[in-house]
Every structure is written in structure tokens, then in C-alpha cells.
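Below you'll find the structure, written out as C-alpha cells, and then a few comments.
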Amino acid sequence: MGRKSMADQRRSEIIDAFYRCVAREGFSGASIRKVAQEANVKPSILHHYFQNRDEMIETLVAHYTDMIFEYFNKKMRPYKDPEERLAHALRFLFGPGMIGDEVTGVFLEFMVEARHNPRVRKTLATTFRRFRAAIIDFIDDIETFKVLPGGTKNAYASMIIAMHEGMEIQWFANPRDVSLKKAADIARMFIEMLATQKGGK
């Protein structure tokens, strides 16, 4: 992979600064002025690299997703056995890499923004498609899943994401109310149960 151009590097630095601002203060507090201060540049520089705030938010959502996938792939690289990889993937899904004050707080900010911002909603839809594809890639390593129709695999992946999002929101409200370890164990049981069923259409 080639080195980033100066322009790409500066855009990345601005988006990193934007992420830190959103993590601390939410979108409502992450003004252009504050992001510029965080990035140690003048506000006019932000307008030079991004057409508007919507473009910055879209880029941030994509950056956030790439950041999670990069970390996930790094964590999964040592595991070659399909069953072992799946177990570690679920522990990651229900662990601090995906659920925590910062990462969950930023994700919830995206969801609120998407309610009134179609461009952000579209970007989030792409993010969920990437997550479903990643989950399908993992469960496809299990022999009983390989023969299932694509629509069934997609539905199973959607259910696993729904379990994750539900636990994440409950954990964010009060971490003492839920056990993420038990959630990972239940998700594993859910997948094993599905593996014993014949796939539907």
C-alpha cells in the first residue's frame, strides 16, 4: 500500500480530531471551531478539505467503521481454526473493542444524527451491510452454514447484530445490568442452534 498524499493525511488528521470531539461532546458540541482547535488548524482549512459538515460526518462514520474492522482483523489474524475464530469473533463483538463508553457513545451519536440526515442514514446502512458480510464470512467457515441460502445467512447475520446492538444499548444505560461475557456465550449457543437447523428460503 502506498503512502498517503499530504491532502489525504490532512483529511485523516481532521477526521481523527472530529472523532475525539464527538466522543467528548457529541455532535452538538463538535463545532467547526472546536474541531479546528483539536486538529490544530484554522477553521478555513476544514472547509478546504470538506464541502460541508455533512461530508465530514459521512467520512467520520466510514472512518469509525474502518477503524473497528482494522482492529477486528488484527485480533482475528492468529486464529485459523473456524470454531476458534468464531469464538474469538463473538468475544470481540461483545467485548470492549465494540462496546464501551467511547465507541458506543459515538455510535449512538451517529444513530441520532441519522434520524434527520439521509446521507448519514445511507452511510450507516452501508456500515451494517459490511458487518453482515463479515459475520457471514465467519459462519460460512462452519460446514453446516455453507449450504444455506444467501437470504437465510443474511437473516442470521442480522439477528446476531440485533443481539449485539440490544446488549450494547443496555450496557451503555447501566453496565451492571448486563453481562457481556454471557451475551457472547448466548450468541455462540444461538449460532450452534442455527447450525443444527435446516436452512429456510
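I want to make sure I understand the PRE zone here: with the label point 7 angstrom from the Cα of GLU25 toward its beta carbon, which residues in segment 102-118 have backbone N atoms less than 12 Å away?
Inside the label zone: nothing.
What's the lysine pair count for the chain at a Cα cut-off below 15 Å, pairs eight or more apart or interchain? If you can, show how the numbers build up before the last one.
Numbers: LYS34/LYS42; LYS146/LYS198; LYS146/LYS201; LYS153/LYS198; LYS153/LYS201.
Summing the qualifying lysine pairs gives 5.
Relative to the longest principal axis of the C-alpha atoms of the chain, give the angle of the C-alpha long axis of helix 180-195, reported between 0 and 90° and rounded to the nearest 10°.
Once rounded, one gets 50 degrees.
Would you please give the FRET efficiency between GLU143 and ASN174, computed as 1/(1 + (r/R0)^6) with r the Cβ-Cβ distance and R0 = 35 Å, to the nearest 0.05? The partial results should precede the final answer.
On the way: r = 40 Å, r/R0 = 1.14.
Efficiency computed from Cβ-Cβ geometry: 0.30.
Want the number for MET159 to GLU84: 0.36 nm per residue separation, take away the alpha-carbon distance, what's left? Don't jump to the answer; show the numbers that get you there.
Numbers: separation 75, 0.36 × 75 = 27.00 nm, distance 2.09 nm.
Value of the extension gain: 24.9 nm.
Measure out, as a whole number of angstrom, how far apart the alpha-carbon centroids of segment 1-44 and segment 130-150 sit.
If we compute the Cα centre of each part, the gap is 36 Å.
Between GLU102 and LYS182, what length in nm is gained on full extension when 0.36 nm per residue of separation is reduced by their alpha carbon distance?
Details: separation 80, 0.36 × 80 = 28.80 nm, distance 2.18 nm.
In short, 26.6 nm is gained.
What FRET efficiency do you get for ASN52 and ARG77 if R0 is 41 Å and r is their Cβ-Cβ distance, rounded to the nearest 0.05?
On the way: r = 38 Å, r/R0 = 0.92.
FRET efficiency, ASN52 to ARG77: 0.60.
Each value in this text was obtained by applying a stated rule to the coordinates, not by laboratory testing. Everything quoted here is computed from the prediction, not taken from an experiment. With ideal geometry, Cβ positions are generated from the backbone for all residues, glycine too; neighbour counts draw on all protein chains shown.
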